[in-house]
Amino acid sequence: MSHQMFVATFRTNGVTIALFGALLVTFALLTFAKFGGQTERIGGYFGLLTAGIAWYVALAGLLSSMPSAFTLPVWPVRGVEPAPRS
């Protein structure tokens with residue numbers, strides 16, 4: 001399921017792609033560790049990285065949805081038009 005969501009993010013922006021890419025790697029490492037691999041620790045570190053990216057995505061979305069003194073860059077994907085705001 002997470003790989004399908006990762007592919008779906010290719011039409012959004014760079015930080016969302018990074019978020020779901022890191023999540024996919026985290027799930028893969030932790031799944032491999034569950035089946036006997038020695039990747040539990042690195043999977044945990046990738047989980048922390050994923051959480052940091054998620055906080056960045058949340059803050060960027062919050063700052064762009066209301067008037068603020070600054071915004072965070074999200075690196076939009078070229079060739080994809082943003083959805084109209086209602």
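Values in this text are rule-based calculations from the coordinates and carry no lab data. Note that the coordinates shown come from a computational prediction; the quantities given were computed from them, not determined experimentally.
For Q4 and R41 in the same chain, what is the full-extension length gain: residue separation times 0.36 nm, less their Cα-Cα distance, in nm?
Values: separation 37, 0.36 × 37 = 13.32 nm, distance 2.54 nm.
Full extension from Q4 to R41 adds 10.8 nm.
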Tilt relative to the chain, helix 14-34 - C-alpha long axis, 0 to 90 degrees, to 10: 10
Between 0 and 90°, nearest 10: helix 40-64 axis offset from the chain longest Cα axis: 10
Helical contribution to [θ] at 222 nm, DSSP H n ≥ 4, -39,500 (n - 2.57), averaged over the chain, rounded to 500: -21000 deg cm²/dmol
